[in-house]
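Worksheet: one structure, shown below.
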Amino acid sequence: MKRIYLDYNATTPCESWREVLSANMPLNPSSLHWHGREARKILQIAREKIYQAFSIDPRKYSLTFTSSGTEANNLAVNSFKSVFASSVEHPSIIRVPHVELITVNQHGLIDLNALRAIAPRIKGSLVCIMLANNETGAIQPIDQAARLIKEYGGFLHSDCVQALGKLEFNIAAADSFSISGHKIGTFPGIGALIHKNTLPIKPLIFGGGQELGLRGGTENVLYADIFARAIEGIPKMVKEYNSKVSGLRQHMEHLIRSYLPSVKIWSEEVDRLPNTSCILMPWVKAQIQTIGFDLAGFSVSAGSACSSGKMEESHVLKAMGLSSQEASCSIRVSLGPKNTQEEVNSFVKAWQEMHQKLGQTRGHV
Ligand code: PLP
């Protein structure tokens with residue numbers, strides 16, 4: 001059976017890094033000898049490439065390599081006693097116990113009035129507002145929020161993991177931002193927190209003083225090198241997402257809507273990532289949909305997280321005010337540059353067939 005991957009927000013197909021992987025040398029950048037110095041050079045060049053890609057002044061910012069976007073978010077959040085976060089943030093932010101949530105509107109955008117209401121309490125606190133949401137693709141009004149946060153003396157952290165490679169962004173408004181390699185074609189296992197030097201970041205992992213004392217453990221030089229090379233490819237990637245992939249998404253949504261004019265696609269009224277559709281198939285649980293699509297050869301995701309074998313309703317869709325039925329019957333389709341129109345056509349056909357079979361009856365399937 002032909003397998004069609006429509007889950008680019010979960011992870012992306014790995015590019016071929018064979019050429020880099022053949023670099024067969026010991027890579028401990030802390031060693032003082034020649035081999036160590038060579039490894040240090042590779043790490044430094046990777047850091048510089050990333051600074052350059054984001055037009056960052058290395059005298060004002062630091063980059064801490066981490067194992068993932070999750071760790072980068074944790075590193076930022078755990079550095080502060082007082083943390084506020086939009087209620088649609090990734091679990092790596094909102095599951096940290098001391099985080100206080102800020103409401104969002106029905107499109108999943110931060111409620112600026114709610115932010116204004118807590119503003120007198122944010123002095124010296126970290127406020128987390130992601131650039132783009134992983135489930136709906138909604139893009140936050142980050143500049144407006146940043147102005148308010150700055151005015152009241154707070155620090156802004158922006159999770160840019162999902163925006164990376166899909167959106168051109170300049171994050172000068174934020175005090176820190178997180179990124180992750182496997183969303184742009186590297187292997188999972190590398191991420192980074194980029195932060196202003198004025199931000200009081202405290203290490204999560206203690207060790208031999210690596211990463212300026214902010215992250216103990218021998219750096220993964222090879223992955224840092226690959227990450228930097230992938231980041232250099234972002235302008236081309238962003239172009240592809242915003243021409244080819246956004247056209248495919250438009251085509252897919254148009255076909256589904258032609259078949260079912262009342263279809264609900266969450267956050268479609270606001271700016272979204274060019275590849276993401278969060279689609280409701282009324283009365284068919286997301287778990288049933290993902291299993292059904294998998295059997296038909298399509299890899300898509302339920303918005304909801306699966307924990308201990310139990311499906312939880314998506315906290316993102318719930319925060320947007322959706323009913324339990326709506327939140328539990330929506331799936332995320334996230335397209336990528338390797339998808340084709342034929343693949344999208346066959347997915348829509350499978351969606352229609354499933355809807356005809358299971359979605360016509362009012363009663364949870
Ligand atoms: N933040 C967002 C918005 C994400 O979508 C993800 C992963 O899906 C993460 C953080 C975590 O990144 P990683 O998988 O590198 O831990």
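Sequence-ordered 3J(HN,Hα) estimates for segment 283-289 from the Karplus curve with 6.51, -1.76 and 1.60 and θ = phi - 60° stand at 6, 10, 4, 4, 5, 5, 4 Hz, glycine and proline given as x. Applying the Karplus relation 6.51 cos²θ - 1.76 cosθ + 1.60 with θ = phi - 60° to segment 53-61 yields 3J(HN,Hα) values of 4, 9, 6, 9, 8, x, 6, 9, 10 Hz, where x marks Gly and Pro. Extension gain, Glu100 to Ser16, is 26.1 nm, computed as 0.36 nm per intervening residue step minus the present C-alpha separation.
Under a 1.4 angstrom probe, counting protein chains only, how are Glu326, Glu240, Glu232 ranked by accessible area, largest first?
Solvent-accessible surface, decreasing: Glu232, Glu240, Glu326.
Between Gln250 and Lys196, the modelled label-to-label distance comes to 3.8 nm, taking each label 7 Å out from Cα in the direction of the beta carbon. Between 0 and 90 degrees, the angle of helix 246-259 with respect to the longest Cα principal axis of the chain falls at about 20 degrees. For segment 110-179, carbon and sulfur atoms together expose 49% of the accessible surface, with a 1.4 angstrom probe and every protein chain in place.
Rounded to the nearest whole Hz, the Karplus-based 3J(HN,Hα) values (6.51 cos²θ - 1.76 cosθ + 1.60, θ = phi - 60°) of segment 2-12 follow the sequence 6, 9, 10, 8, 10, 9, 5, 6, 6, 6, 10, with x at glycine and proline.
Here Leu148 sits with roughly 20 square angstrom of accessible surface, probe radius 1.4 Å.
Once a ≥ b ≥ c are taken as the square roots of the eigenvalues of the Cα gyration tensor of segment 54-106, is the result rounded (a/c under 1.5), prolate (a/b larger than b/c) or oblate (a/b not larger than b/c)?
Values: a/c = 2.05, a/b = 1.73, b/c = 1.18.
Note, shape of segment 54-106 comes out prolate.
Overall, the chain carries a charge dipole of about 240 debye about its Cα centre when +1 sits on the Cβ of Lys and Arg and -1 on the Cβ of Asp and Glu, all other atoms neutral. Take the alpha carbon atoms of segment 187-222, find their center, do the same for segment 1-15, and report the distance between the two centers in whole angstrom. The distance from the Cα centre of segment 187-222 to that of segment 1-15 comes to 29 Å.
The shape of the chain comes out oblate: with a ≥ b ≥ c from the C-alpha gyration tensor, a/c is at least 1.5 while a/b does not beat b/c. Restricting the calculation to alpha carbons of segment 214-326 gives Rg and Dmax of 18.3, 55 angstrom. Using a simple spin-label model with pseudo-atoms 7 Å out from Cα toward Cβ, Asn78 and Glu312 lie 1.9 nm apart.
Near the amide H of Tyr61, within less than 5 Å, lie the amide hydrogens of Asn197, all on another chain or at least 5 residues away, with H placed in the peptide plane.
Packing order of peptides 35-47, 57-69, 195-207, highest average first: 57-69, 35-47, 195-207 (average count of other Cβ atoms within 10 Å over each peptide's residues). Taking 0.36 nm per residue of separation and subtracting the current Cα-Cα distance, fully stretching the chain between Arg121 and Glu151 would add 9.6 nm. Each residue, Arg257 and Gln356, gets one label point 7 Å from its Cα in the Cβ direction; the gap between the two is 2.3 nm. Near the amide H of Val127, within less than 5 Å, lie the amide hydrogens of Phe84, Phe155, Leu156, His157, all on another chain or at least 5 residues away, with H placed in the peptide plane. Amide H contacts of Asp271 (H built 1.01 Å from N, in plane; Pro and chain starts excluded): Ile139 sit under 5 Å, all sequence-distant by 5 or more or on other chains.
Placing +1 on each Lys and Arg Cβ and -1 on each Asp and Glu Cβ, with no other charges, gives segment 25-176 a dipole about its Cα centre of roughly 500 debye.
The values are calculated or read from the model by the stated rules, or taken from the named source; none is laboratory data. As the structure is a computational prediction, the values presented were derived from the model and not from experiment. Please note: Cβ atoms are built from the backbone with ideal geometry, for glycine as well, and neighbour counts cover all protein chains shown. The accessibility values were calculated without ligands, DNA or RNA, using every heavy atom of the protein model including side chains. Shrake-Rupley method; radii C 1.70, N 1.55, O 1.52, S 1.80 Å.
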